[in-house]
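> First the structure, which I've put down as structure tokens, then a few questions once you've had a look.
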Amino acid sequence: MGHRLLPGKPELYHGRESSRPYFEGWYFKQVLPDGSFSLALIPGIYKSKDKSSDHCFIQVLHDNKSRYIKFPVDEFRFKRDEFDISIGKNSFSMNGVSIDISEDDFSIKAELSFKDTVGLDRNFMSPSIMGPFSYFPGMQCNHGVLSLHHNLEGWIEINGRRHEASDMAGYIEKDWGEAFPSSWLWLQGNGLKESEPFSCMCSVATIPYGPLHFRGFLAVILAKGKQYRFTTYNKARIREFTVDKNKTTIVITRKGLGLTVEADTHRSSILKAPAATGMDRNILESLDAVIKMTLTDENGVIFSGECNSGGLETSETGEVSDN
């Protein structure tokens, strides 16, 4: 694939001209903790093997509807040494978002700034959420968690209706590589409890590496100002993983800690996801999931909380291999 290997800087653009096929996309989520408003913005770029399908894009998910807005590839601009990208006249960074799009019967404008950002805890062995896998070249899909929680200032206007952002919470992550996994499940939510923010992200996927396939998973919890991570590489174990119609249950343990996550959703939109053939894979994503999480240790419950307007995403089957 030939993309840059930047273990400690997952937020940066990793692509090279030789990276083909290649995608890179950032996920900005804005929600009111009471569940009355949610919006996801996904700027990205896709480069095909023969350049014929090269383009950049912004996906918008709001009110159970999704839109995929294409731009010529030369309208994608980035800075090498900091996360600051633009697509046309729309810009995205760790400091905020500026967006102005009108297409057919849809328009969205926003001027947002981010403050009080809680980034992921990092060290040499875990320079990103992928831990030591951050140093592995040739991964089919790489993942980065950039902001577990931040507060917003500014405004969002959708089809002429203005929403003030001062009470909203935000979350940022990204993916890059050749294609999404063959199957996966991802969920994420933000909430407030006694005016203190909490956040939950969990992903389970079938991971290919060379001729091998294995079930990999990532989960990170922000609760009471502390981060808890449950992953394949820190010897956590999935004890239960069930998807029954609209309800998902995941139970994970690690070194005396237990995490139970339950997600319930009833509405989903179709998003476009990267495949080796192009941005032509349809997946389902919801922004109305109710996510309940409980974190325990040997002495009992450390934290329990409920997130409204949670994100829940599955591949076509929603099934993840045990291999």
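Any read-out appearing in this document is the output of simple, stated calculations on the displayed coordinates, not a laboratory observation. None of these values were measured; they are calculated from a predicted model. Positions of Cβ are backbone-derived with ideal geometry, glycine not excepted, and every protein chain shown enters the neighbour counts.
> Compare the Cα positions of 220, 110, 94 along the charge dipole of the range 22-314 (+1 at Cβ of Lys, Arg; -1 at Cβ of Asp, Glu; about the Cα centre) and return the one farthest towards the positive end.
Projecting each Cα onto the dipole axis, the largest value belongs to 220.
> While we're looking at this one, here's another question. Please name whichever of 308, 257, 209 sits farthest to the positive end of the charge dipole of the chain, dipole taken about the Cα centre and charges placed at Cβ: Lys and Arg +1, Asp and Glu -1.
Among 308, 257, 209, the one farthest towards the positive end of the dipole of the chain is 209.
> Can you tally the net charge around residue 291? Count Lys and Arg as +1, Asp and Glu as -1, for every other residue whose Cβ sits under 12 Å from the Cβ of residue 291. Mind dumping the intermediate values first?
On the way: positive: 247, 292; negative: 262, 264, 288, 306.
Local charge sum for residue 291: -2.
> Quick one: which residues, 5 or more positions from residue 192 or on another chain, have an amide H under 5 Å from its amide H? H modelled 1.01 Å from N in the peptide plane, none for Pro or chain starts.
The list, which skips near neighbours in sequence, is 198.
> Positive end of the dipole of the chain, charges at C-beta (+1 Lys, Arg; -1 Asp, Glu), about the Cα centre: which of 195, 231, 43 has its Cα farthest in that direction?
231
> Let me ask something else about it. Can you tell me which lysines have their Cα less than 18 Å from the Cα of residue 193? Leave out same-chain residues fewer than eight positions away.
Cα-Cα hits under 18 Å: 224, 226, 292.
> Test of understanding: what is the full-extension gain from residue 95 to residue 121, defined as 0.36 nm times their sequence separation minus their Cα-Cα distance?
7.5 nm
> Here's another thing I want to ask about it. For every other residue with a beta carbon closer than 11 angstrom to the beta carbon of residue 201, add +1 if it is Lys or Arg and -1 if Asp or Glu, then tell me the sum. Write out the running numbers ahead of the final one.
Numbers: positive: 29, 229; negative: 173.
That sum, taken over residues with Cβ under 11 Å, equals +1.
> What's the exposure ranking of 185, 257, going from fewest to most Cβ atoms within 10 Å?
Ranking 185, 257 by Cβ neighbours within 10 Å, fewest first, gives 257, 185.
> Answer rounded, prolate or oblate for the range 22-314, using the Cα gyration tensor with square roots of eigenvalues a ≥ b ≥ c: rounded when a/c is under 1.5, else prolate when a/b is larger than b/c, else oblate.
Note, shape of the range 22-314 comes out oblate.
> Still on this structure, please answer the following. Could you sort the peptides 189-197, 288-296 by per-residue average Cβ neighbour count (10 Å cutoff), highest mean leading?
On the way: 189-197: 17.4, 288-296: 20.8.
Output ranking for 189-197, 288-296: 288-296, 189-197.
> Another question, then. Which shape class applies to the range 115-184: rounded if a/c is under 1.5, otherwise prolate when a/b exceeds b/c and oblate if not, where a ≥ b ≥ c are the square roots of the Cα gyration tensor eigenvalues?
On the way: a/c = 4.40, a/b = 1.77, b/c = 2.48.
Verdict is oblate for the range 115-184.
> Tell me, in nm to one decimal, what length is gained between residue 246 and residue 212 on full extension, where the rule is 0.36 nm per residue of separation less the Cα-Cα distance?
9.1 nm
> To the nearest 20 debye, what is the magnitude of the charge dipole of the chain about its Cα centre, counting +1 on the Cβ of each Lys and Arg and -1 on the Cβ of each Asp and Glu? Write out the running numbers ahead of the final one.
On the way: 37 positive and 42 negative charges, 183 e Å.
Approximately 880 debye in magnitude.
> What's the local net charge at residue 135, with K and R +1, D and E -1, over the other residues with C-beta under 14 Å away?
So the environment of residue 135 carries a net charge of +3.
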